[in-house]
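S.K.: One structure, pasted below without further comment.
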Amino acid sequence: MAPRGARGKPFRACRKCKSLIPKNAVRCPVCGSTDISDDWDGIVIVIDVEKSEIAKKLEITKPGRYAIKVR
Ligand SMILES: [Zn+2]
């Protein structure tokens, strides 16, 4: 298993909405927050918010790519 940490991850995660954003982004394109973390785990891709149980659980309201856990 790869070691934990920010190294090697192509994305950063927004602490506010859990959206995964490109590493060089300084602001979350989904919610506009600048509270962005390199320390996250798990990727979930939500296509249909209405039908996705995980989207409800994570309180995701827009389709996209999200982290399951953000620290
Ligand atoms: Zn966000």
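Since every read-out is calculated from the coordinates, none of them should be taken as a lab result. The structure displayed is predicted, hence computed values, not measured ones. Glycine also receives a Cβ, built like all others from the backbone with ideal geometry; neighbour counts cover every protein chain displayed.
S.K.: Which three semi-axes in whole Å describe the equivalent ellipsoid of the chain, each the square root of 5 times a Cα gyration tensor eigenvalue, listed largest first?
M.R.: Details: eigenvalues 79, 43, 17 Å².
Over the Cα atoms of the chain, the ellipsoid semi-axes are 20, 15, 9 Å.
S.K.: Quote to one decimal, in nm, the extra length available between Glu59 and Ile47 on full extension: 0.36 nm per residue of separation minus the C-alpha distance between them.
M.R.: The Glu59-Ile47 span can extend by a further 2.9 nm.
S.K.: Of Gly42, Tyr66, Ala25, which is farthest on the positive side of the dipole of the chain, counting Cα position, with +1 on Lys and Arg Cβ, -1 on Asp and Glu Cβ, and the Cα centre as origin?
M.R.: After comparing all options, I get Ala25.
S.K.: Exactly which GluC sites (Glu not before Pro) in the chain are in a DSSP loop and have at most 13 other Cβ atoms within 10 Å? List each step's numbers first, then the result.
M.R.: Details: sites: Glu50, Glu53, Glu59; in loops: Glu50, Glu59.
Sites meeting the loop and neighbour criteria: Glu50, Glu59.
S.K.: For the chain, what is the mean residue ellipticity at 222 nm derived from helices alone (per DSSP H run of n ≥ 4: -39500 (n - 2.57); sum divided by total residues; nearest 500 deg cm²/dmol)? Numbers along the way, then the final one.
M.R.: Values: 1 runs with 5 residues, N = 71.
Calculated at 222 nm, the ellipticity per residue is -1500 deg cm²/dmol.
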